[in-house]
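The values are calculated or read from the model by the stated rules, or taken from the named source; none is laboratory data. None of these values were measured; they are calculated from a predicted model. Backbone-built Cβ (ideal geometry, glycine too); neighbour counts: all protein chains shown.
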Amino acid sequence: MKRPADDVNWKSKDMEEVDDFDIHSSDEDLDIVRQDSNYSKLSAESWLRVDSEYDEDDDAADEDRLVFEYDENEEHFWNDIATRLKRRAPYDRSVLECVVELLSGTGATKKRKLFLSAVDRRVWLNPTLKTLHWSSKRKGVGSLDLEEIRMVKGWNENRAILVETADRKRLGLSMSNHQDLQVWVRCLACFSSLQAKIFMQGLNISEREDYDPLLDSWGRTALRSKVRVGDYYLLDSPDTPRSHAILAFSASELGFYSIKLLSKTISELLGPEVLACVKELDHPNVLKYKDFLQCRDQEGLYAVFEHVPRGIVVSGYKLEGNKAVSEDMARKLINDVAGGVIYLHSRRVSLGNIRPDNLLFAADGSLKVNPLGGIFYEHSKRSEPITFGTEVETASAFAFSAPERCREAKKRPKTPSDAYATDAWSVGALMYFMVYGRAPFLGNTAESIQEAITTSRLEFPDSPKVSAKAKDFLRKTLGEKNPSKRVRVEH
């Protein structure tokens, strides 16, 4: 972009505009989304209702978040493509490759008005590529429609960016590094309206004039040369193992989704009834499935669902020796899990066996429960949960199962199984796993783990320290082997 003749005045004037990095609009104008859940109606005496100090202790919160960051040395359910692409310079990547980096969010700061201090922010793009979002501990999550943007300005001097809408609403942030700044300005230039004015010294944005995502490339290969399944171009190899999801781009909606191949056996076990139910599920804490497509070259189905860029919360394959999270952080995570489970129960759906691998981190930090981690109907003829892939054969798959679901245990409870009580046990097991860094009942084999679940008493390690209310919550969910006497998540 060629700068005006009065170069000095242009710079000083604009820098003065964003000096406070303030959002000049009301919460209502910027469509602030509150974090209050309609499904957090747990009992007044419940440990989950204790006020959290998480928002007051920024250092502790940051330390907890490190537990869930991507580890390149560990195989995850989700491919972290953005991590691989970020190693290349912005203009050594296509626009689509840069956009993927922004889906999981980047760090930024916002200066407090009239103060010298700054507060941390996280800013990201929705996978549909229609809205921009940013986090705020005090106000929740804010959003802005990309079509409403009329100006984007970037400054290399302090890595600042200013986004302004047609009605003069402004969002000003300082990015953590120059590369993030360049990526944001470039992507907003290509996906905002052509009426928007883009300013940044030294950044070539001529590509925005005729930019078409379908004419872009991925991995130095034209997008339209990629394997296509229905409406979706597969950005990963279709030979990706079934334990992984494939990143895909919708040709009609121009947004990102994830696709996973379901084997013929799993597809037949699920059946049309379950698949139709899964597509109807719609809740902020439940992974949204969009479609199921028939495979042409091989038997089975492609499951299409919303792309959750930050992947699984933590792997459940390692049952002990994990880093524990703070009690406040665990409370927030379990509240999200409970919200999703209560919603599923309201739709007469139970998960049966909720493992850490079934919990996914959304860009805003909330959790989403994968309903196909082990779904079955309360009144269905099916009596056993259905699980994906080969995970059901591993010992870790049983560590979060309720006693009544331990088929190989000799002292399995004789009382009829209660689907909702089974989910309550799994929620308690997840909570125990988070605060202690280990599963509540351990063993060397699947059989020994199931025996421990059905016969061993619940014990609490001396370290780390956990509050009495948290232990009471765990006793009510994990201490009762009889499902008919066990507390429900709704209670």
For segment 259-281 the number of residues that are at pLDDT below 90 and part of a strand (DSSP E or B) is 3
Leu281 vs (1) of a type in the set (A, V, I, L, M); (2) in contact with a Gly (Cβ under 8 Å, 6 or more places away or on another chain); (3) under 18 Å from Lys368 (Cβ atoms): all pass except (2)
request  = Could you check, for segment 140-148, whether at least one of its residues is over 30 Å from Ala251 (Cβ atoms), out of contact with any strand residue (DSSP E or B) (no Cβ under 9 Å at 6 or more places or on another chain), at pLDDT below 90 and outside the structural domain of Ala363 (by TED's automatic domain parsing)?
outcome  = no
Check whether at least one residue in segment 198-209 is under 28 Å from the mean Cα position of the chain (by Cα) and in contact (Cβ under 8 Å) with a residue 12 or more places away in the chain, and report yes or no.
no
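Out of Phe199, Phe249, Phe256, which single residue is at pLDDT 90 or above and not assigned by TED's automatic domain parsing to the domain that holds Glu299?
Working: Phe249 fails: not assigned by TED's automatic domain parsing to the domain that holds Glu299; Phe256 fails: not assigned by TED's automatic domain parsing to the domain that holds Glu299.
Answer to the check: Phe199.
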Filtering segment 149-161 down to residues that are touching a Gly at 6+ places or on another chain (Cβ under 8 Å) and surrounded by 19 or more Cβ atoms within 10 Å (Cβ to Cβ) yields Ala160, Ile161
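Answer with yes or no whether Gly339 is in a loop (DSSP other than H, G, I, E, B), farther than 21 Å from Phe398 by Cα and not assigned by TED's automatic domain parsing to the domain that holds Thr128. Give the steps one after another, and end with the answer.
Values: in a loop (DSSP other than H, G, I, E, B): no; farther than 21 Å from Phe398 by Cα: yes; not assigned by TED's automatic domain parsing to the domain that holds Thr128: yes.
So Gly339 does not fit the description; no.
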Only unsatisfied item for Ser176, checking (1) closer than 19 Å to Glu101 by Cβ; (2) surrounded by 16 or more Cβ atoms within 10 Å (Cβ to Cβ); (3) assigned by TED's automatic domain parsing to the domain that holds Cys98, is (2)
* If you check Thr454 against the conditions, is it over 22 Å from Asp336 (Cα atoms), in a helix (DSSP H, G or I) and either in contact with a helix residue (DSSP H, G or I) (Cβ under 7 Å, 6 or more places away or on another chain) or not assigned by TED's automatic domain parsing to the domain that holds Leu367 (or both)? -> yes
